[in-house]
Amino acid sequence: MVLTPAQSAFVESHGAAAMITVGPDGVPKPVRIAYRIVDGRIWSSGTATRVRTRHLRQDPRATLFIWDPVFDFLSVHTTVTILDGPDAADLNLRYFRLLQGRPEGPLSWMGSGEHDEEAFRELLIADQRLIYEFEPTGAFGSLRD
């Protein structure tokens, strides 16, 4: 599904959402995430050991709830592909460069200071980082025109 131009603009103009997966007990499990648009796709970073990763491996559906502080909101139903192959560190490096607005140079990591690219890659590998890639399957909300 392709989002409408207004929906796409709303998604692109924000960078945080609640990501809602469903646990084995059938209860929705919301968590706050950061995301960015990479090559026209919605990406977020996670780890192999996160509960939401386990949920997505059992059921790849997730909803992103994106809002602004005034009134607008958008719920985007998605199917998630987990990108955790041998290129996962490189994909995460690309994602974190966008997230931090640093196309080159050192990157910050979890309050541990700044790290050059190779040290940052090693941190990503040690943390078992992967990418969640969201494919919209439906959307609804209230957006001012």
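A few comments on the model shown:
- Contacts under 9 angstrom Cβ, first residue in segment 1-24 being under 12 Å from Ile37 (Cα atoms) and in contact (Cβ under 8 Å) with a residue 60 or more places away in the chain, partner of a type outside the set (Val, Ile, Thr) and in a loop (DSSP other than H, G, I, E, B), 6 or more apart: Phe10/Leu3; Phe10/Asp68; Phe10/Asp72; Phe10/Leu143; Val11/Leu3; Val11/Tyr35; Gly15/Tyr35
- Of Leu98, Leu64, Leu93, all but one fail to be more than 28 Å from Gly141 (Cβ to Cβ) and touching a residue at least 12 places away in the same chain (Cβ under 8 Å); the exception is Leu93.
- Residue within segment 29-41 that is farther than 18 Å from Gly101 by Cβ and acidic (Asp, Glu) present: no
Each value in this text was obtained by applying a stated rule to the coordinates, not by laboratory testing. Quick caveat, the model's predicted, so the values are computed rather than measured. All Cβ positions, even for glycine, are placed from backbone atoms using ideal geometry, and neighbour counts span all protein chains on display.
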